[in-house]
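Everything below concerns the one structure shown next.
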Amino acid sequence: MAKVILVDLVHPNCSQYNLCLDARISRLCTFVGAGAGEPVYVLLGQRAASAAESPSATEASLLENLRRLNRHVHVLTGSSEAAAVYSFKRAVDQLDATVIDVVSSGPRQAGLRVYQERLFTARYNFQYSRGFESAPCPSGEPPLTCTQLAAIGEQIDTFLQHLPAVKGDITILKSSMISDCFSHGFTTRKGGISYINTLTSLNLFSSCRRQDSPAEVSENLRRLGLRAGFLPHQLHLPKVNHASDVWVMSKAAPDSYDGIVTNQTGVVIAAPGADCMPLLFTDPVRKVIGVAHAGWKGTLLGIAMATVKAMVLHFGSELTNVVAVIGPSVGPCCFTLDQDSARQFLAIHPACVRDVESPRPRVDIRLTTRVLLERGGVLPQHIHDDSVTNRPSVTLCTACHPDTFYSHVRDGLDFGTQIGFLQIRESSECSY
């Protein structure tokens with residue numbers, strides 16, 4: 001695993017800054033050691049220069065003193081401390097490093113941990129060392145207060161909000177089959193700030209395995225909300241388990257669920273996807289909505305009809321009024337399964353499996369969903385999928401369109417996530 005060293009020399013209120021900095025650099029040289037090794041990144045922060053010095057002179061002196069290390073040394077700069085740490089994160093990702101040794105004073109570590117929690121994920125292993133205990137700041141370094149720690153989070157948010165979009169403007173696909181008394185859409189990968197190749201740029205999910213941080217995903221969601229007309233705190237996503245459990249929002253939520261149904265206004269429900277199908281369900285008569293995340297396992301377990309049945313059971317929807325839309329997902333052109341798994345789809349309908357004799361037959365999870373919905377009582381003409389040719393398609397193959405969608409099949413483990421979202425409008429007459 002590649003490793004880097006982050007050295008934190010920030011202490012802006014020091015009355016003897018140059019002396020303190022020299023002492024810490026000397027201590028750093030001893031602590032880090034000389035010789036070719038891990039690259040070193042130095043966080044200086046911002047401070048007002050005195051009449052006898054300038055920031056550029058301080059930085060030049062720092063680099064000169066660090067040359068004895070015979071290492072690659074980089075001074076992190078930016079318009080703010082958050083900007084400097086973000087530039088460090090980008091450098092770490094460019095090196096594909098996952099181990100980060102942090103050298104700092106004890107009082108500063110709480111602030112650095114805020115950056116770690118907001119700008120990194122558990123994929124990165126941070127190891128903290130109090131490398132300056134023998135070179136304490138003459139002015140003293142009191143612990144950071146709760147207010148100061150909160151200000152770091154606010155500074156991160158402000159910085160990210162001012163970043164330009166990495167890849168075009170936010171684009172939302174919409175189904176012409178959904179009534180205008182609902183706000184809805186399927187996101188693409190355009191218009192966000194995520195910069196990792198497989199995550200650019202509107203990735204909407206952060207996990208311990210991915211490089212996109214919670215703060216970056218939160219900013220992507222904020223931008224999506226501005227474009228789509230909702231606030232991030234209104235958004236509810238399933239706790240995915242690739243099964244068939246459904247959360248009825250008026251009841252206690254299960255530990256895990258792949259579907260959500262509600263008749264509440266003021267909330268946005270959404271289903272994630274990156275080859276798995278984001279399914280949207282609407283009932284314009286009773287004003288009920290549902291979403292479901294449907295991978296191949298959830299499809300076989302019946303998550304689509306489980307969501308529809310929850311709308312019927314808990315909110316009085318009639319099957320003949322339910323509209324179902326299958327969003328961007330992997331098509332049979334790109335999705336294969338082992339023989340045993342494919343046979344389960346073959347048992348539902350022969351057309352759901354292609355190249356049956358192949359060691360890995362191609363499987364059509366969209367057609368399987370249509371078949372199961374029709375058998376469950378949803379009208380065929382109320383299902384919008386890739387078989388519908390007289391309306392603009394929203395069921396594009398995620399694996400076939402790398403510039404538009406994320407795909408687990410295509411991109412591997414560090415894949416991004418798009419969503420299908422749905423909301424009942426506060427005031428609008430349904431047209432159906």
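A few remarks follow.
- FRET efficiency estimate (nearest 0.05) - Cβ-Cβ, V409 to H72, R0 51 angstrom: 0.85
- Multiplying the residue separation of A2 and R90 by 0.36 nm and removing their Cα-Cα distance gives an extension gain of 30.2 nm.
- Under a model in which nothing but the beta-carbon of Lys, Arg (+1) and Asp, Glu (-1) is charged, segment 172-424 shows a dipole of about 340 debye around its Cα centre.
- Placing R0 at 35 angstrom, the Cβ-Cβ distance between S176 and L231 gives a FRET efficiency of 0.85 after rounding to 0.05.
- Working from label points 7 Å from Cα in the Cα-to-Cβ sense, the T30 to S387 distance is 7.6 nm.
- Of all DSSP beta bridges in the chain, antiparallel share, percent nearest 5: 55
- Over the residues of the chain, the helix contribution to mean residue ellipticity at 222 nm works out to -9500 deg cm²/dmol, using -39500 (n - 2.57) for each DSSP H run of at least 4.
- Averaging 1/r over every pair of different alpha carbons in the chain and inverting the result gives a Kirkwood radius of 24.2 Å.
- Average 1/r across all pairs of distinct alpha carbons in segment 172-424, invert it, and you get the Kirkwood radius: 18.0 Å.
- Remark: spin-label model distance R360-L313 equals 3.7 nm, labels positioned 7 Å along the Cα→Cβ axis.
- Exposed GluC sites (Glu not before Pro) absent - longest run of the chain, DSSP non-H/G/I/E/B, at most 16 other C-beta within 10 Å: 134-317
- Here the relative contact order of the chain, from alpha carbon pairs under 8 Å that lie six or more residues apart, stands at 15 percent.
- Normalised by residue count, segment 100-167 yields a Cα convex hull volume of 113 Å³ per residue.
- Segment 140-297: translational diffusion in µm²/s, Stokes-Einstein, Kirkwood Rh over Cα pairs, 20 °C, 1.002 mPa s: 123
- Sites C334 and Q148 - FRET efficiency at Förster radius 51 Å, r taken between beta-carbons, to 0.05: 0.55
- Crossing angle, helix 303-315 versus the chain [Cα axis fit, 0-90 degrees, rounded to tens]: 80
- Crossing angle, helix 17-32 versus the chain [Cα axis fit, 0-90 degrees, rounded to tens]: 70
- Cα-Cα over 29 Å, subset of K239/K309; K174/K297; K190/K251: K190/K251
- Top of P39, P138, P272 by mean-square fluctuation, Gaussian network on the chain, Cα under 10 Å: P138
- C-alpha long axis of helix 109-119 to longest principal axis of the chain, angle in °: 30
- From the alpha carbon centroid of segment 332-352 to that of segment 98-163 is 50 Å.
- Which of T262, T395, T369 has the fewest Cβ neighbours within 10 Å, and the rest in rising order: T395, T262, T369
- Label-point separation, H349 to M249 (7 Å along Cα→Cβ), nm: 3.0
Every read-out reported here was derived from the displayed coordinates using simple, explicitly stated rules and does not represent laboratory data. Not measured: the values here are computed from a predicted model. With ideal geometry, Cβ positions are generated from the backbone for all residues, glycine too; neighbour counts draw on all protein chains shown.
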